[in-house]
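Scroll down for the structure; my scribbles are underneath it.
The values are calculated or read from the model by the stated rules, or taken from the named source; none is laboratory data. Bear in mind the structure is a predicted one, so any value in this text is a computation, not a measurement. Here the Cβ positions follow ideal geometry from the backbone for every residue, glycine too, while neighbour counts run over all protein chains shown.
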Amino acid sequence: MAPCRLADTGLRAARVLAFLWLIVPAAAPASSPRIATLDWTLAETLLALGVTPAAVAQVDAYDAWVREPELPADVVDLGLRTQPNLELLADLEPDRILISPMFANLEPRLRRIAPVDILSLYTPETDTWAEMLSLTRELGRLAGREAAAEQLIADTQARIEALGDRVDDISTPLLLVQFMDARHVRVFGDNGLYQAVLDQLGLDNGWPGTTNYWGFATAGLEELAGIDARLVVVRPYPAGVEERLESSGLWQALPSVRRGTTITLPPVWSFGALPSARRFAEALVTALEEADA
């Protein structure tokens, strides 16, 4: 065949392909399954993976305690985490329902609506950071977002490593607390998110006692008096507590308060996963730098 006829044939084929490309729509990417969850930790991780849950329990409380990633306005509120609106959930027809062991007693009723997966975190005698990574990968698998899960892990680890470099000269132990009332706090230590982040940042925890399943102990302010560590208070304060501390002799007598080295952080979900871990690391390092500037 002559060269000009070959060229003409190739040109006609190219035009046909271009025409077909215009009239035949590209295959749409597979969408993520419709997922509902009662658990805020699972909700924040799904959002970080680019998956918006169809429904979450206690949206207002999520906004107060977790805050970020922010829940879009179209996420349906299922009511109380312990007593979700099952009729509303059934109307939503989710493909999957994700819960944590805390809500395992609801599984038989939830399973009548959709398949249920129970995902664990903060298992005693288990490395908390490794569990967070495992949870992220499992959620990525269930949501069809495996690549996003690996990216979230890589980004979080890289960011926390960079933050750790900014505080590598801090040797004073930290005492992480959250107020329950004007005389009692949760003190965070082993097996919790805050401790996992401290370990990643290379910072020391000043709490010498044991902690529970969730990584905290309940203590009176008098139990903190003998601990020479820098206080880190995580908001929110219960109503009226911040004002009462101004006249509390117990509070004013604590070493960190006397020295004026106490720092306060915005709310960070202490039972969260990688999104909360990164937020806590960012808030803590920023506050330490600003206080010492």
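Counting only residues that are under 22 Å from the mean Cα position of the chain (by Cα), more than 15 Å from Leu231 (Cβ to Cβ) and aliphatic (A, V, I, L, M), how many does the range 148-179 have?
Qualifying residue count for the region: 9.
Check Asn191, Asn212 and return the single one that is touching a residue at least 60 places away in the same chain (Cβ under 8 Å), in a loop (DSSP other than H, G, I, E, B) and not assigned by TED's automatic domain parsing to the domain that holds Ala43.
Only one candidate passes the filter, namely Asn191.
If Glu161 meets every condition in (1) outside any loop (DSSP other than H, G, I, E, B); (2) at pLDDT below 95 apart from one, which number is that one?
Of everything listed in (1) outside any loop (DSSP other than H, G, I, E, B); (2) at pLDDT below 95, Glu161 misses just condition (2).
Hey, can you tell me all the residues within the range 132-150 that are of a type in the set (Gly, Ala, Ser) and closer than 13 Å to Arg96 by Cα?
Residues satisfying the conditions are Ala143, Gly144.
Conditions first: (1) farther than 15 Å from Leu198 by Cα; (2) surrounded by 19 or more Cβ atoms within 10 Å (Cβ to Cβ); (3) touching a Gly at 6+ places or on another chain (Cβ under 7 Å); (4) not basic (Lys, Arg). Ser256 passes all but one, so which condition is the exception?
(3)
Which residue is farthest from Val116 (Cα to Cα), if the candidates are limited to the range 137-193 and must be in contact with a strand residue (DSSP E or B) (Cβ under 8 Å, 6 or more places away or on another chain) and β-branched (Val, Ile, Thr)?
The selected residue is Thr172.
Considering only the range 187-208, state which residues are surrounded by fewer than 19 Cβ atoms within 10 Å (Cβ to Cβ) and either touching a Phe, Trp or Tyr at 6+ places or on another chain (Cβ under 9 Å) or closer than 22 Å to Val241 by Cβ (or both).
Once the filter is applied, which keeps residues that are surrounded by fewer than 19 Cβ atoms within 10 Å (Cβ to Cβ) and either touching a Phe, Trp or Tyr at 6+ places or on another chain (Cβ under 9 Å) or closer than 22 Å to Val241 by Cβ (or both), the range 187-208 yields Asp199, Gln200.
Check the range 236-249 and report whether any residue there is surrounded by 15 or more Cβ atoms within 10 Å (Cβ to Cβ), under 23 Å from the mean Cα position of the chain (by Cα) and under 23 Å from Asp127 (Cβ atoms).
So far as the range 236-249 goes, no, none of its residues is surrounded by 15 or more Cβ atoms within 10 Å (Cβ to Cβ), under 23 Å from the mean Cα position of the chain (by Cα) and under 23 Å from Asp127 (Cβ atoms).
State the number of residues belonging to the range 105-140 that are farther than 13 Å from Ala36 by Cβ and outside any helix (DSSP H, G or I).
Residues meeting the conditions: 11.
Going through the range 226-279 one residue at a time, which ones are without any contact (Cβ under 8 Å) to a residue 12 or more places away in the chain and either closer than 30 Å to Met132 by Cα or not in a helix (DSSP H, G or I) (or both)?
Hits for the range 226-279 are Gly226, Ala239, Glu246, Ser247, Gly260.
Quick one: would you say Ala217 is hydrophobic (A, V, I, L, M, F, W, C), in a helix (DSSP H, G or I) and either closer than 17 Å to Pro173 by Cα or out of contact with any helix residue (DSSP H, G or I) (no Cβ under 8 Å at 6 or more places or on another chain) (or both)?
Criteria not met by Ala217.
Just to be sure before I move on: is Ala36 at pLDDT below 90 and either in contact with a Leu (Cβ under 8 Å, 6 or more places away or on another chain) or surrounded by fewer than 13 Cβ atoms within 10 Å (Cβ to Cβ) (or both) in the structure I sent?
no
Might you check whether a residue that is charged (D, E, K, R), touching a residue at least 60 places away in the same chain (Cβ under 8 Å) and not assigned by TED's automatic domain parsing to the domain that holds Leu254 occurs anywhere in the range 168-187?
So far as the range 168-187 goes, no, none of its residues is charged (D, E, K, R), touching a residue at least 60 places away in the same chain (Cβ under 8 Å) and not assigned by TED's automatic domain parsing to the domain that holds Leu254.
Just checking, does the range 135-147 include any residue being in contact with a Ser or Thr (Cβ under 6 Å, 6 or more places away or on another chain), on the phi > 0 side of the Ramachandran plot, surrounded by 13 or more Cβ atoms within 10 Å (Cβ to Cβ) and not assigned by TED's automatic domain parsing to the domain that holds Thr211?
Among the residues of the range 135-147, at least one is in contact with a Ser or Thr (Cβ under 6 Å, 6 or more places away or on another chain), on the phi > 0 side of the Ramachandran plot, surrounded by 13 or more Cβ atoms within 10 Å (Cβ to Cβ) and not assigned by TED's automatic domain parsing to the domain that holds Thr211, which makes the answer yes.
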